[in-house]
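Report on the following structure.
The values are calculated or read from the model by the stated rules, or taken from the named source; none is laboratory data. Everything numeric in this text was worked out from a predicted model, so none of it was measured. A quick note on method: Cβ atoms are made from the backbone with ideal geometry, for glycine too, and the neighbour counts reach across all protein chains shown.
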Amino acid sequence: MLTTEMEHEQEYRYVPFITLSELKPRIWITLSDCNFKCRGCFSIAREPVGEPMTVEQLLTLAKTAANEYYGDKQLEEAVITGGESTLNRHYLVDLVSHLKEFVAWIVLDTNGYFLDATYLDELIAAGLAEVVFDLKAWDEKRHEWYTGYSNKRILANIRNAYGKVKLVVNTVYIPEIVDNPEIEQIAQFLAEIDTNGEIDYRINRFRAELSPEQMSRNPYPEEIERAYSIVTKHMKNAVIGKSCVRERQIEVNTGWITVFPDGTMKRRTLDDYRAENKRRNK
Ligand code: SF4
């Protein structure tokens with residue numbers, strides 16, 4: 001077992017907040033801290049922020065907030081995200097198995113580094129239905145430069161996950177860093193695995209104004225369109241998405257409810273979230 005994994009085998013994870021969707025009964029659970037140090041990361045949850053919470057405390061918070069906001073409606077979906085969701089294996093398996101008691105569809109959002117075959121099988125047995133891999137780059141050196149880690153394990157873990165769960169792969173388009181040649185090679189890799197046309201491949205836009213490092217600019221719409229058309233040469237299910245972490249789930253003009261560890265709730269819009277990130281990166 002790697003040192004980074006052992007360090008995180010504790011009975012709690014730090015939770016800055018959980019989030020409720022205004023569109024449908026759906027909840028995001030944000031587990032902070034991450035093994036990667038992506039140069040373009042704008043998630044506050046990259047560091048261990050929030051309150052340390054056991055699985056039991058987190059479930060109580062989630063159930064109470066969902067009951068208060070959605071009433072009797074069953075939760076349709078729970079997305080476990082971060083930071084990095086997989087840092088603590090026992091914690092995550094326990095969380096998924098208990099969520100399964102009251103949520104229909106459970107999704108894991110991950111950089112994929114730790115999610116090997118055994119770990120994934122445990123999560124599936126616990127009730128996991130979908131995995132969203134954030135694949136940062138195709139070229140190994142580029143991936144190392146961007147995240148601090150090789151992508152070899154991640155590519156193997158994506159290959160292994162195929163056919164076991166609903167599979168989504170995301171890449172952030174970063175002009176001159178992760179652009180068409182990278183995106184095309186990832187699409188070719190996925191197409192080779194995806195014999196049944198089941199993988200969704202989503203291209204997200206880099207958001208320069210939210211990034212802590214001034215390493216690139218926002219992609220132009222035509223660049224994203226071009227990347228999309230390149231992917232469609234190889235894959236059936238290409239999608240243009242929004243930026244990484246929570247934003248991609250949020251549609252413009254809708255808000256969401258942030259629930260803090262002490263149970264207080266606050267409605268935030270996408271503009272609020274952007275403003276907070278800007279302040280944080282100053
Ligand atoms: S972008 Fe995701 S994987 Fe990368 S450091 Fe941020 S939270 Fe971790």
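One table, with the values for the structure above:
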item	result
Residue count, the range 66-82 (criterion: among the polar types (S, T, N, Q) and either within 16 Å of the ligand (Cβ to nearest atom) or at pLDDT 95 or above (or both))	2
Residue in the range 110-121 that is polar (S, T, N, Q) and either touching a Leu at 6+ places or on another chain (Cβ under 6 Å) or more than 22 Å from Pro16 (Cβ to Cβ) (or both) present	yes
Scan of the range 153-169 for residues that are over 14 Å from Arg202 (Cβ atoms), assigned to a strand (DSSP E or B) and among the aliphatic types (A, V, I, L, M), ordered by number	Val165
The range 149-169, subset touching a residue at least 40 places away in the same chain (Cβ under 8 Å) and under 16 Å from Cys38 (Cα atoms), residue surrounded by the fewest Cβ atoms within 10 Å (Cβ to Cβ)	Tyr149
Pick from the range 118-148, criterion buried (at least 22 other Cβ atoms within 10 Å of the Cβ) and hydroxyl-bearing (Ser, Thr, Tyr), ranking: farthest from the ligand (Cβ to nearest atom)	Tyr146
For Lys63: the one exception among (1) basic (Lys, Arg); (2) away from the ligand (no atom under 16 Å from the Cβ); (3) within 19 Å of the chain's Cα centre (by Cα)	(3)
Residue among Gly127, Gly112 that alone is in contact (Cβ under 8 Å) with a residue 40 or more places away in the chain and closer than 24 Å to Val15 by Cα	Gly112
Contacts under 8 angstrom Cβ, first residue in the range 31-49 being more than 21 Å from Arg217 (Cβ to Cβ) and more than 6 Å from the ligand (Cβ to nearest atom), partner aromatic (Phe, Trp, Tyr) and modelled with pLDDT of 95 or more, 6 or more apart	Leu31/Tyr14; Ser32/Tyr14; Asp33/Tyr14; Asn35/Tyr113; Asn35/Phe114; Asn35/Tyr149; Pro48/Tyr14; Val49/Tyr14
Residues (of a type outside the set (Asp, Glu) and either away from the ligand (no atom under 13 Å from the Cβ) or surrounded by fewer than 24 Cβ atoms within 10 Å (Cβ to Cβ) (or both)) located in the range 83-99	Asn88, Arg89, His90, Tyr91, Leu92, Val93, Leu95, Val96, Ser97, His98, Leu99
Residues that are touching a residue at least 40 places away in the same chain (Cβ under 8 Å) and among the small types (Gly, Ala, Ser), drawn from the range 192-211	Gly197, Ser211
Of the criteria (1) part of a loop (DSSP other than H, G, I, E, B); (2) at pLDDT 95 or above, which one Ile230 fails	(1)
Failed item in (1) in a helix (DSSP H, G or I); (2) touching a residue at least 60 places away in the same chain (Cβ under 8 Å); (3) within 16 Å of the ligand (Cβ to nearest atom), with Val172 passing the rest	(1)
